[in-house]
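Any read-out appearing in this document is the output of simple, stated calculations on the displayed coordinates, not a laboratory observation. These numbers come from a predicted model, not from an experiment. Cβ placement follows ideal geometry from the backbone for every residue including glycine, while neighbour counts extend to all protein chains displayed.
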Amino acid sequence: MTTQLSLHPEVASALRDGHPVVALESTILSHGLPHGRNLDVAHRLEQVVRAGGAVPATIAVLDGRPAVGLTPAELERVCAPGAGLDKLSLRDLGPAVGLGRSGATTVAATSALAAAAGIGVFATGGLGGVHLGAGRTWDVSADLGVLARVPTVVVCSGVKSVLDIAATLEVLETNSVPVLGYRTDDFPAFYLRSSGHPVGWRVDDAQQAAAVIAAHRAYAPSGVLLANPVPAPSEMDRDRHDRLLAEGMELLRDNDVRGAAVTPVLLEHFHTASGGVSIDANEALVLANAALAAEVAVALA
Ligand code: PSU
Ligand code: MN
């Protein structure tokens, strides 16, 4: 894979010099946030990482090139309306690169590319997981299986509340992925600060997180989940959240939405039906995660 990577010069030199680098994904930009908001978020994510003393590396596949670190023009391309980028999970990287296609990378694909580049810390909004009804549909995000095999630290606000969270935590355990609550004992649920499920371990600052991560790497090949709840002022109202979720699930059923489209359709429903409240929450949480990821990357470096 290393020979197949296209590193931005700034990222390459940071990695060479042992400077902290934070990977950022592109699916949240192309498929998770509406146009008109996504480019601004993309810029702010990179700024937040820089302000924390690390170099940002947003990852996408462009014309068959697995790009680790994007130029401003490339970032604009990923965020452009009608860019028509595919959503690429790890299984799609080979086809996209081999066939010269373009696409945005999910947590699974971004984690794998980051690991191949030698980047250990990655910030996103919410990890994919076990979907409700997975017993029937078998819809379990590849994000979970990839974290079992690559040593990437994913800083996120737990998993999306649209998932079967208890089942997702079980699969993380099966795959030996430690789940660390950042200043919390509760596993967060993306738009909500608590899922009602406890985390395995709690850390209260970036130094503690770094100590756990460094120790984990000595024993297991798996990644680490650092779960950072959405900032309190941006948390969604729980009743409203539950109402939107029930509607969203109905929408999926009525339109027979399956596979990779499920998460984008649900997020889009939240965004439009909440009048943008869920977008504010999504923005606030991913920015907070980028800031924390930078702190952790600095502590590890
Ligand atoms: N976090 C967000 N918005 C998103 C995602 C994460 O705030 O859109 C994306 C990630 O790329 C993650 C994907 O990998 O959602 C999960 O998709 P699926 O459930 O199809 O595996
Ligand atoms: Mn899926």
- prompt: For region 128-301, what does the alpha-carbon gyration tensor say about shape, rounded, prolate or oblate, given a ≥ b ≥ c as the root eigenvalues, a/c under 1.5 as rounded, and a/b over b/c as prolate?
  reply: oblate
task: Mind checking which of 104, 297, 150 is farthest towards the positive end of the chain's charge dipole, using Cβ charges of +1 (Lys, Arg) and -1 (Asp, Glu) about the Cα centre?
output: 150
- line: Between the residues 263, 275, 224, the Cα farthest towards the positive end of the dipole of region 215-301, that dipole coming from +1 and -1 charges on the beta-carbon of Lys, Arg, Asp and Glu, is from 224
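Just the number, please: Stokes-Einstein D of region 1-119 in µm²/s, Kirkwood Rh from C-alpha pairs, 25 °C, 0.890 mPa s. Don't skip to the end; give the middle numbers.
Details: Rh = 13.9 Å.
Calculated translational D: 176 µm²/s.
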Cβ charges +1 (Lys, Arg) and -1 (Asp, Glu), total dipole of region 242-301, debye: 140 debye
- request: Rounding to the nearest 20 debye, state how big the charge dipole of region 128-301 is about its Cα centre with +1 on each Lys and Arg Cβ and -1 on each Asp and Glu Cβ.
  value: 400 debye
- request: Have a look at 194, 176, 52 and report the one farthest towards the positive end of the charge dipole of the chain, computed about the Cα centre with Cβ charges (Lys/Arg +1, Asp/Glu -1).
  value: 176
query: Percent relative contact order of region 217-301, based on C-alpha pairs within less than 8 angstrom and at least six residues apart?
result: 40 percent
task: Could you work out the relative contact order of the chain, using alpha carbon pairs under 8 angstrom and six or more residues apart, expressed as a whole percent?
output: 20 percent
field: Prolate/oblate/rounded call for region 1-57, Cα gyration tensor, a/c under 1.5 rounded
entry: oblate
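222 nm [θ] for the chain, helices only, -39500 (n - 2.57) per DSSP H run of 4+, per residue, to 500? Kindly include the intermediate steps, with their values, before the conclusion.
Numbers: 12 runs with 139 residues, N = 301.
-14000 deg cm²/dmol, from helical runs alone.
Quick check: from the Cα gyration tensor, does the chain come out rounded (a/c under 1.5), prolate or oblate? Kindly include the intermediate steps, with their values, before the conclusion.
On the way: a/c = 1.40, a/b = 1.14, b/c = 1.23.
The shape class here is rounded.
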statement: If each K or R counts +1 and each D or E counts -1, the residues other than residue 294 whose Cβ falls under 14 Å of its Cβ total -1
query: Using the Cβ atoms and a cut-off under 12 Å, what net charge is assigned to the surroundings of residue 44, where Lys and Arg are +1 and Asp and Glu are -1?
result: -1
Contour minus Cα-Cα distance for residue 65 and residue 249 (0.36 nm per residue): 62.7 nm
task: Determine the sum of side-chain charges near residue 229: Lys and Arg each +1, Asp and Glu each -1, restricted to other residues whose C-beta is under 9 angstrom from that of residue 229.
output: 0
- prompt: Using +1 on the beta carbon of Lys and Arg, -1 on that of Asp and Glu, and nothing else charged, what's the dipole of the chain about the Cα centre, debye to 20?
  reply: 540 debye
field: Convex hull volume of region 90-177 per residue (C-alpha atoms, cubic angstrom)
entry: 100 Å³
